[in-house]
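Below: the structure, in structure tokens.
Any read-out appearing in this document is the output of simple, stated calculations on the displayed coordinates, not a laboratory observation. Worth saying up front: this structure is predicted, and the values here are computed from it rather than measured. Ideal geometry is used to build each Cβ from the backbone, glycine not excepted, and the neighbour counts take in all protein chains shown.
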Amino acid sequence: MSVIAIIVCSTREGRFSEKVAAWINAELSARQNIEAKLLDLRDFPLPFFDQAVPPGMPVRQPYGNPIVQKWTAEIGSCAGFIFVCPEYNHSIPGVLKNALDWVCEEWQRKAAAFVSWGGVGGGRAIEHLRAIATALHLAPSYTAVHLPFATLMAHFQGGDVGAALEQSKQSAITMIDDLLWWTATLKGARSEAR
């Protein structure tokens, strides 16, 4: 069984990402041999990265902060990731960038997929996140879910977000299919390399 984390990438009050994460969690949980796990950045109030040695350095000692240890252990326990990420100012939220920067080895050679919203369906956030993921040795999926702006507006106006999200269901299915293929492929390759 593979564990796939759905990472809730926003911590702001009144966030839309909780609804999107619950929707993706339901889609992913319907798959066989998969354990879906929600990782909400609100539950990991990481300090701003300030260490003398970055995570990727081989001489680095384990970090002492218990929240960092918990976050790193969660990332290490997963075989793949779905980032549920709003677009903030043509990029990703700062809290997500900080969470990504605290970890190195635990991300490596695992699959990643993306769900976003905002201007142009969150496309700029996903492009930035793909570049960061590649630098962390994650394998970012080409397919993604770009939620239409009307879906976000339904959230802010108190409308039926579920119906709006359902219009993107086929995109979610395709993204999950690709993510699970890459997850299985990379998991097999990691096992062979040991």
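Report, in deg cm²/dmol and to the nearest 500, the calculated mean residue ellipticity at 222 nm for the chain, where each DSSP H run with n ≥ 4 adds -39500 (n - 2.57) and the sum is divided by the residue count.
Details: 7 runs with 84 residues, N = 194.
Counting only the DSSP helices, I get -13500 deg cm²/dmol.
Counting only C-alpha contacts under 8 Å and six or more residues apart, can you give the relative contact order of the range 1-107 as a whole percent?
Working: 139 pairs, mean separation 44.6, N = 107.
Relative contact order comes out at 42 percent.
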task = Give me the distance in nm between label points sitting 7 Å out from Cα along the Cα-to-Cβ direction at residue 185 and residue 108, one decimal.
result = 2.1 nm
Residues of type aspartates and glutamates that residue 19 reaches as a straight line, Cα spacing below 17 Å, ignoring anything fewer than 8 places off in the same chain = 27, 40, 43, 87, 160, 166
query = If pairing requires two Cys Cβ atoms under 4.7 Å apart, which cysteines of the chain are left without a partner?
reply = 78, 104
ask   = Relative contact order for the chain using alpha-carbon pairs under 8 Å, separation at least 6, rounded to a whole percent?
value = 22 percent
ask   = Which of the aspartates and glutamates could be linked to residue 187 by a straight reach, that is with a Cα gap under 19 Å, when you skip same-chain ones fewer than 8 residues away?
value = 35, 74, 105, 106, 177, 178
task = Name the most mobile residue of 37, 19, 70, meaning the one with the largest mean-square fluctuation, in a Gaussian network model of the chain with Cα contacts below 10 Å.
result = 70
request  = Over the range 1-44, calculate the relative contact order: mean separation of alpha carbon pairs under 8 Å at least 6 apart, over the residue count, as a percent.
outcome  = 58 percent
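Pop the C-beta distance of residue 97 and residue 166 into the FRET formula with R0 = 45 Å and round what comes out to the nearest 0.05.
Values: r = 31 Å, r/R0 = 0.68.
Calculated transfer efficiency: 0.90.
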task = Find, to one decimal place in angstroms, the Kirkwood hydrodynamic radius of the range 131-194, where the mean of 1/r is taken over every pair of different Cα atoms and then inverted.
result = 14.0 Å
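Take each of the peptides 176-189, 151-164, average the number of other beta-carbon atoms within 10 Å over its residues, and list them starting from the highest. Don't skip to the end; give the middle numbers.
Numbers: 176-189: 17.3, 151-164: 14.6.
Order by mean packing, descending: 176-189, 151-164.
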